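Colleague: Before anything else, here's the structure in question.
What follows draws every value from the coordinates through simple rules; no lab data is involved. These figures come from a predicted structure and were not determined experimentally. Neighbour counts run over all protein chains shown; Cβ positions are idealised from the backbone, glycine included.
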Amino acid sequence: MRNTLIIFQKELRGYFASPIAYLLMAFFAVIFGFFFYSATRFFILQGMQMQMRGMGMPMDVNEYVIRPLLSNASVIGLFLIPMITMRLYAEEKRSGTIELLMTSPVSDMEIVLGKWLAALAMYMCVLGVSAVNLGLLFAFGKPDWKPILVGYLGLILQGGCLLAIGTFISTTTRNQIVAGGATFGVCLLLWVLDWVSSYETSAWGKVVSYLSVVTHFEPFSKGVLDTKDILFYLSMIFFGLFLTARSVESLRWRS
Amino acid sequence: MIKVEGLSKRYARTLAVDNISFEVQKGQIVGFLGPNGAGKTTTMRVLTCFLPPSSGSAQVAGFDVLEQPLEVKKRIGYLPETPPLYPDMEVIEYLTFVAKLKGLSNADVPGRVREVCDRCAISHVSAKLIGKLSKGYRQRVGLAQAILHNPDVLILDEPTSGLDPKQIIETRELIKSLAGDHTIILSTHILSEVEESCEQVIIINQGKIVAQDTVENLTARLRGSESVSVEIRASGGALNQSDVRQKLEQVAGVGHVVLKDTRDNRVTYEVEGLPGRSIRADLARTIVGAGWDLNELRTVGMSLEDIFLELTAAEKRSARSTDSTPSTDANETQEIKQ
Ligand SMILES: Nc1ncnc2c1ncn2[C@@H]1O[C@H](COP(=O)(O)OP(=O)(O)O)[C@@H](O)[C@H]1O
Ligand SMILES: [Mg+2]
């Protein structure tokens, strides 16, 4: 436990000691800000039109602004996650510091966990940027906070699962760029798998779209907590971390 | 302290370490000597639990590297060939991280880090980024990292490679100063290094141990006779060289005498004894008895360079005469890590 914390601190510090953390946060702020602006503007225009037609129905901010925003955030995450995980192991392998980690009295799993948790924390910091935008919504409207919380839980679970996969991929190479590229490819694949369900209705189409991380995010964005989806993410995280630990172990045998 | 028995390590195609056995006693400094690709790094990686052995066993302080790696790791300080440093960390930050990783309690960390910084003479750069340090300083930080948890055993992989002569001397001094508290294995492909710093030497070539002994014994074993260098000064007036030579040659057990150097009123001879004869005491007595000053009397060992050439040549000869297994190139310099 202590060892995991030591690795966690070192990794998190590594993100903020290099430009990467700020770059990611800035990137997210710009893209998310853009979506936020579009969504709110659209929402206001719609509201005005409704009023002109005499339909003074109060519109639902959660439904029309927050829900699409959360979906957007989940997609932006697909692009950021490779940049968060690519260095985790590849860099240590390239510089030889992996020898320090693996000859210290620390278990492989403690290292894996520490690294993954740091990546998750970094990802949460990036997501945290969107709090500013949401703050504006709370300042000028009365959104329901419970679905938002559920949405963020979904983002974190989805992120955790992709981060675990990214961490695994980072153990397989000593080249950060390769690790990042491959992770991006896998993230993209897991995302587009969802499209299969739109034209393929057979059993295998269902299986494939079940594997899509985006499919499982949908309920969260609506504010619906479904244990089935939580279980999916948790088992993907577990699987990813398990693969990572095995891969680290096999570094010793293959080398 | 260290016990290796029948250890082999095979990479996909290469047999990097081939059935080696050796033992290192507590408190010794052992030199692991061999050309590039001999298997030094591989052996060290097995000892540090970085790589598992393919067969055979290795024990450190009574713990097996496969069965109780955590116990072994606690007792080993390791400086890999490339010091495992994070360039974007400050020295003190890095050492604090490693100290915690090695299991020091939070309360002990700052004190111990300061102590080690002093010991390795890096206190004045402790606030600098590691990436900004010179190679010599980085090596010292690497050493500091290895001794942080005061391990029983220190394993240093080519600790002086790539340093300039001044840095080499400083690093050697540092290593020697650590000798008292730790059992040290250091690898090198530079022969003088072993002569300088080690008591014991294990010579390894193509994954096999070629020789293993104390530095003096090895020299003696190979040479069989003793060579002594003497510097003589006339205590007054000039020195008659033929006179000196004659006197030296008359000493019991002396083989032949070679003039090495003359300067002002000093002469240096190298005197070789007959095999198995000890000549130093008699030489000294004769020189002083003749009324000259004995400025220096020193045994000239065979350099390890000579030993090494001899041993590996012998190895090659026997290998050629017996079976010709597909041999891996000993001088293969490519170092594939991982
Ligand atoms: N990771 C690896 N994969 C494959 N072969 C390797 C690897 N590491 C070392 N070798 C080979 O094993 C042999 C011994 O290497 P090494 O232990 O690094 O020697 P040294 O440290 O004495 O120079 C060499 O022939 C080298 O090419
Ligand atoms: Mg080596």
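Colleague: Given Cα pairs under 8 Å that are at least 6 residues apart, what percent is the relative contact order of chain B?
Modeller: Values: 624 pairs, mean separation 65.8, N = 338.
Relative CO of chain B lands at 19 percent.
Colleague: B:V210's amide H: which non-local residues (gap 5+, or another chain) put their own amide H closer than 5 Å, with H modeled 1.01 Å from N in plane and none for Pro or chain starts?
Modeller: B:I203, B:I204, B:N205
Colleague: Here's another thing I want to ask about it. Can you list the HN-Hα couplings for the range A:88-101, worked out from phi with the Karplus curve (6.51, -1.76, 1.60; θ = phi - 60°), rounded to whole Hz and with x for Gly and Pro?
Modeller: Per-residue couplings from phi come out as 2, 10, 3, 5, 5, 6, 5, 7, x, 5, 4, 5, 5, 4 Hz.
Colleague: Would you mind giving the mean number of other chain beta-carbons within 10 Å of the Cβ of each residue in B:83-94, as a whole number? Kindly include the intermediate steps, with their values, before the conclusion.
Modeller: Values: counts 5, 11, 4, 9, 2, 4, 4, 1, 0, 0, 3, 3.
Taking all residues of B:83-94 together, the mean is 4.
Colleague: Out of the DSSP beta bridges found with both residues in the protein assembly as shown, what percent are antiparallel (nearest 5)?
Modeller: On the way: 42 of 60 bridges.
Approximately 70 percent, going by the DSSP bridge assignments.
Colleague: Any chance you could list P(r) for the range B:38-86, counting all Cα-Cα pairs in 5 angstrom bins from zero, rounded to whole %?
Modeller: Cα pair-distance distribution for the range B:38-86, in percent: 5, 22, 31, 23, 14, 5, 1.
Colleague: When the distances between all Cα atoms of chain A are binned every 10 Å from zero, what whole-number percent does each bin get?
Modeller: Over chain A, the share of Cα pairs per 10 Å bin runs 7, 28, 31, 21, 9, 3, 1, 0 percent.
Colleague: Turning to a different aspect of this structure: Divide the volume of the convex hull of the Cα atoms of the protein assembly as shown by its number of residues and quote the answer in cubic angstrom per residue.
Modeller: Values: hull volume 117.0 nm³, N = 593.
Spread over its residues, the Cα hull of the protein assembly as shown gives 197 Å³ apiece.
Colleague: Provide, for q = 0.18, 0.25, 0.26 Å⁻¹, the log10 of I(q)/I(0) from a solvent-free Debye sum over equal Cα point scatterers in the range B:225-299.
Modeller: -0.60, -1.19, -1.29
Colleague: With a cap of 16 neighbouring Cβ atoms within 10 Å, and only residues DSSP puts in a loop, list the GluC sites (Glu not before Pro) found in the range B:5-85. Show your work: numbers first, answer last.
Modeller: Values: sites: B:E5, B:E23, B:E67, B:E71, B:E81; in loops: B:E67, B:E81.
Loop-located and lightly packed - B:E67.
Colleague: Place the peptides B:101-108, A:162-169 in order of packing, highest mean first, counting for every residue the other Cβ atoms within 10 Å and averaging per peptide. Could the numbers behind the result be given before it?
Modeller: Values: B:101-108: 15.6, A:162-169: 28.1.
Ranked from most to least packed, the peptides come out as A:162-169, B:101-108.
Colleague: Another question, if that's okay. Here is the link list: B:K100/B:K135; B:K128/B:K176; B:K73/B:K176; B:K9/B:K208. Which ones come out longer than 19 Å on Cα distance?
Modeller: Values: B:K100/B:K135 25 Å; B:K128/B:K176 26 Å; B:K73/B:K176 23 Å; B:K9/B:K208 11 Å.
Beyond 19 Å: B:K100/B:K135; B:K128/B:K176; B:K73/B:K176.
Colleague: For B:K247, list the lysines whose Cα falls under 23 Å from its own Cα; do not include residues on the same chain fewer than 8 positions away.
Modeller: Partners found: B:K260.
Colleague: Under 22 Å from the Cα of A:K146, which lysines turn up, not counting those fewer than eight places away in the same chain?
Modeller: Result set, ordered by chain and number: A:K222, A:K228.
Colleague: Using just the C-alpha positions of the range A:105-255 as equal point scatterers, what log10 of I(q)/I(0) does the Debye formula give at each q in 0.14, 0.15 1/Å?
Modeller: -0.80, -0.89
Colleague: With unit charges on the beta carbon (Lys/Arg positive, Asp/Glu negative), name the residue among A:M52, A:A121, A:Y199 whose Cα is farthest towards the positive pole of the charge dipole of the protein assembly as shown.
Modeller: A:M52
Colleague: Would you tell me the mean number of C-beta atoms belonging to other protein chains that fall within 10 Å of each C-beta in B:44-52, as a whole number?
Modeller: Details: counts 1, 5, 0, 1, 4, 5, 9, 6, 4.
What the average comes to for B:44-52 is 4.
Colleague: Using modelled amide H (1.01 Å from N, peptide plane; none on Pro or chain starts), what sits under 5 Å from the amide H of B:K260, excluding residues fewer than 5 places away?
Modeller: Counting only residues 5 or more places away or on other chains, the set is B:T268, B:Y269, B:E270.
Colleague: Over all alpha-carbon pairs of chain B, lay out the pair-distance distribution in 20 Å bins, whole %, shortest bin first.
Modeller: 27, 46, 25, 3
Colleague: Which residue, chosen from A:F217, A:M109, A:G96, occupies the Cα position most advanced towards the positive end of the dipole of chain A, where the dipole is computed from +1 (Lys, Arg) and -1 (Asp, Glu) charges on Cβ about the Cα centre?
Modeller: Looking along the dipole axis, the top candidate is A:G96.
Colleague: Right, here's the next one. By a straight-distance test (C-alpha under 18 Å), which aspartates and glutamates pair with A:K10 as possible cross-link partners, with residues fewer than eight away in the same chain excluded?
Modeller: A:E91, A:E92, A:E99, A:D108, A:E110, B:D88, B:E90, B:E93
Colleague: Hey, another quick one. Would you mind computing, in nm to one decimal, how far apart the modelled labels at A:R94 and A:L188 are, each placed 7 Å from Cα along Cα→Cβ?
Modeller: 2.1 nm
Colleague: Just tell me how shielded A:100-113 is by partners: mean number of partner chain Cβ atoms within 10 Å of each residue's Cβ, no decimals.
Modeller: Values: counts 16, 3, 8, 17, 14, 13, 6, 2, 0, 0, 0, 1, 0, 0.
Mean partner-chain Cβ count within 10 Å for A:100-113: 6.
Colleague: Another question about this same structure. As I understand it, the value is the acute angle between the Cα axis of helix B:304-321 and the longest principal axis of the Cα atoms of chain B; what does it come to in degrees, rounded to 10?
Modeller: Rounded to the nearest ten degrees, it is 80.
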